[in-house]
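Data first, discussion second: the structure below is written as structure tokens.
Bear in mind these aren't lab numbers, they're just calculated from the coordinates by the rules spelled out. A quick note: this is a predicted structure, and the numbers were derived from the prediction, not measured. Here Cβ is always computed from backbone atoms with ideal geometry, including for glycine, and neighbour counts include all displayed protein chains.
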Amino acid sequence: MANLLIIGAGGVGRVSAFKAAKNKDTFKNIILASRTKSKCDDIAKDIKEKLGIEIKTYALDANKEENVIDLIKKENIDIVCNVALPYQNLPIMHACIKTGAAYLDTALAETEDNPDTYYDLQWALDEDFKKAHTMALLGCGFDPGVTSVMVKYAADYLLDELEEIEIYDCNFGDHGRHFATNFDPEINLRELNLPGKYWENGEWKTTKPFEIQVKHKYPECGEATSILIWHEELESIVKFFPNLKSAKFYMCFSDKYLYHFNALKNVGMFSIEPIEICEGCKISPLQFLAKVLPDPQDLVKNYKGQTNIGVIAKGKKDGKNKTFYIYNICDHEKAIEETGAHCVSYTTGVPAIIGCKLMAKKIWWSEGVHNVEEFDAKPFFEEMEKQGLPIKVIEVE
């Protein structure tokens, strides 16, 4: 059994803590830490009332490596589940290297002054983790995370030759707000403001933001306008499946969302350059916007509908062209009832704990820094069925 430290007390941290508590046969002690301890305490109180499980809570500034080291040592932590902001990935990873704790995150490392980052900063720590005889598992949320496991499953179990993949992510839910983001506004809007990027015929190709749009039919949910964007798992998927002819990521947005998004972009609210708003006080327009937009966790009060995320995998089986659609549908109201968090948090937090569980049991284990594409998909999918995110596979004509 493992001692688990979860860093981050937003919606994903809430789901991760709930799911860890439901897997007490794997996690002996569960510790939840965040900059704001009161958020951790609220989650711990809900878990105690609903599940009868007690978890410890701490205030933690994870930007400072030494703080993370102290807590890991104090609680004899075996695995750190990092669901905090991606700005904190590197200090937390360095703390794990120095203590020998295993590490998992759900998004690649970013810096506050540059949203256009890649896995190289984290892959560079591979030898350090090997010397510490421990492991880091990167991008183990849903996208990135489950989407990459879907690609791995298609390559190993559905096709003899994997040639093309398209990832489709759509939130068919409605929270009743004119405009809001489903996770941290600053991170979300920085990501969407980047140029589109995709892999085709052995090279990366770039588009203007939101330049390529398609009408896509999501199984069991319906059709939605989906926009080609850059998403980080494309980098790792292409690395581990270098023979792919094409790899693309699409996300759907409602007309209402796009109307507000474009209005805010056109007046400069997505800038990350600090400006002086009063004497001696500087803040970027995006940071200001993040403060005035609804807290993503507050959206649970009225959230209804479903999310639909999946991968279309094309290739050859027994010499014939085949296409498979691998997907998951998550219901907002059911997720909220179970954990108090909506599907966008639920679909990230559940895979994170599955990853921690497979690492704790040494089912997924190899010293060094790894991505989910490097491991067998079957045990992960088996856990998803048990943990409330079942996977469906259909063949597409």
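Quick one: putting +1 on the C-beta of Lys and Arg, -1 on the C-beta of Asp and Glu, what dipole do you get for the chain around its Cα centre, in Debye to the nearest 20? Don't jump to the answer; show the numbers that get you there.
Details: 47 positive and 61 negative charges, 169 e Å.
Here the chain has a charge dipole of around 820 debye.
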From DSSP H assignment alone, runs of 4+ in the chain each adding -39500 (n - 2.57), the sum over residues rounded to the nearest 500 puts [θ] at 222 nm at -10000 deg cm²/dmol
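Rule-of-thumb check for region 157-298: C-alpha Rg over 2.2 N^0.38 Å? Walk me through the numbers on the way to the answer.
Values: Rg = 17.7 Å, N = 142, 2.2 N^0.38 = 14.5 Å.
So the Cα radius of gyration is 1.22 times the expected 2.2 N^0.38 Å.
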Highest mean packing first, using Cβ neighbours within 10 angstrom, the peptides 134-141, 36-43, 335-342 sort as 134-141, 335-342, 36-43
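Quick one: net charge of residue 45's neighbours, Cβ under 15 Å, K/R +1, D/E -1?
Numbers: positive: 14, 37, 39, 48, 50, 56; negative: 41, 42, 46, 49, 54.
Value of the local net charge: +1.
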Just for region 2-138, what percent of DSSP beta bridges are antiparallel, to the closest 5? 5
Kirkwood-Stokes translational diffusion coefficient of region 2-138, alpha-carbon pairs, 10 °C, 1.306 mPa s, µm²/s: 106
Across region 154-160, in residue order, what do the Karplus-derived ³J(HN,Hα) couplings come to in whole Hz, using 6.51 cos²θ - 1.76 cosθ + 1.60 with θ = phi - 60° and x for Gly and Pro? 4, 5, 8, 10, 10, 10, 7
For region 330-397 and region 180-258, what is the centre-to-centre distance using only Cα atoms, to the nearest Å? 21
Among 6, 44, 101, the residue whose Cα sits farthest towards the positive end of the charge dipole of region 2-138 (+1 at Cβ of Lys and Arg, -1 at Cβ of Asp and Glu, taken about the Cα centre) is 44
List every residue whose amide H lies under 5 Å from the amide H of residue 57, counting only residues 5 or more places away in sequence or on a different chain, with H placed 1.01 Å from N in the peptide plane. 32
Report the local net charge at residue 3: Lys and Arg +1, Asp and Glu -1, summed over other residues whose C-beta lies under 13 Å from its C-beta. +3
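In Å, what Kirkwood hydrodynamic radius results for the chain from the alpha-carbon pair distances?
On the way: mean 1/r = 0.0467 Å⁻¹.
Hydrodynamic radius (Kirkwood, Cα only) of the chain equals 21.4 Å.
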